[in-house]
Amino acid sequence: MTTAQAQRTATKHHPRRIALFGGSFDPIHAGHLAVARAADRRFNFDEIHFIPASRPPHKLKQHLAPFPHRFAMVALACAEHPHFVPSVAEAGEDFSGAQLHYSVDTVRYFRHTYHGHGDRIYFIIGADAFLDIPMWKEYEALLGLCDFIVANRPGIRAEALRLVIPPELMARDGKRKEGEAAHESMVVAHLHRTSVYLLENVASDVSATEIRKRAHREQSVHGLVAARVEEYILKQGLYR
């Protein structure tokens, strides 16, 4: 067996923890990075894929910065973190991000890519977005495809998050899944094949809307975004 073959064999037997963190990222800001780091500390991911949304189905009327700009800012924000990965999963063949992508299809793509024994996919999402999940395409299928890590904000209780999960998807026996015991205190709900976890104490006052307004008024966005992203916004004249 060659060294390369041995490495491939070893890789096959290492279950990977892969997190998906999607969003408009218009722009990606300090709040997004704080959530990712907090989730990473708890779950020790092998990779966190930051996925700039193509045309978010719930924001079709909202004007977004062109996809290449949003992707570039994500790539710059990820540069200092060894396993933060800028993703082109929703870029489309022409890299325009003009096509409509649904989360359920994006997760299926990653499930196809990471399908080794024991590999787990986690979907990082804000509490407000999770409360709207019944309006997402094939949301019941989506809940069964991957684990969810819900970044909470003040005023939202775990009971409210449980209420949007159809009762028939809940695991009746409450059995822990393999490798789950360490995060039992974070569990909102056990589903048949997946779990929903609550990530507390990561609320941030940083708002992409406020950053765009500040940039438009030519005010400083220092500290609200990564230094490289701040430089990019300035040099490209974004949001003017």
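Coordinate-derived values only; no laboratory data. Remember, it's a predicted structure, so these values are computed and weren't measured experimentally. Positions of Cβ are backbone-derived with ideal geometry, glycine not excepted, and every protein chain shown enters the neighbour counts.
Determine the dipole magnitude for the stretch 14-204: charges of +1 sit on the beta-carbon of Lys and Arg, -1 on that of Asp and Glu, nothing else is charged, the reference point is the Cα centre, and the result goes in debye to the nearest 20. Don't skip to the answer; put the middle values down first.
Values: 21 positive and 22 negative charges, 48 e Å.
Result for the stretch 14-204 is approximately 220 debye, rounded to the nearest 20.
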Residue by residue through the stretch 64-79, the couplings from Karplus 6.51 cos²θ - 1.76 cosθ + 1.60 with θ = phi - 60°, in Hz, x for Gly and Pro, are 10, 4, x, 3, x, 5, 5, 5, 4, 5, 4, 4, 5, 5, 7, 4
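To the nearest 20 Debye, how big is the dipole of the stretch 25-125 about its Cα centre, given +1 on the beta carbon of each Lys and Arg and -1 on that of each Asp and Glu?
360
In the stretch 22-99, what trypsin sites (Lys or Arg not before Pro) fall in a loop by DSSP, with at most 11 other Cβ atoms inside 10 Å?
Here the sparse-neighbourhood loop sites are K61.
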Counting sequence-distant residues (5 or more places) and residues on other chains, those with an amide H built under 5 Å from that of H49 are A19, L20, F21, V85
The answer for V202, listing residues at least 5 apart or on another chain whose modeled amide H is closer than 5 Å to its amide H, is N152
note: the chain, Cα-Cα separations exceeding 22 Å make up a percent value of 56
For the chain, averaging the sequence separation of alpha carbon pairs under 8 Å that lie six or more residues apart and dividing by its residue count, the contact order in percent is 22
Neighbour-count ranking for H32, H222 (other C-beta within 10 angstrom, fewest to most) reads H222, H32
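As an exercise, take the mean of 1/r over every pair of distinct alpha carbons in the stretch 201-240, invert it, and state the Kirkwood radius in angstroms. Numbers along the way, then the final one.
Working: mean 1/r = 0.0959 Å⁻¹.
After inverting the pairwise mean of 1/r, the radius is 10.4 Å.
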Under the Karplus relation with 6.51, -1.76 and 1.60 and θ = phi - 60°, whole-Hz ³J(HN,Hα) for the stretch 31-48, x at Gly and Pro, equal x, 4, 5, 5, 5, 4, 5, 5, 5, 5, 4, 6, 10, 6, 6, 7, 8, 10
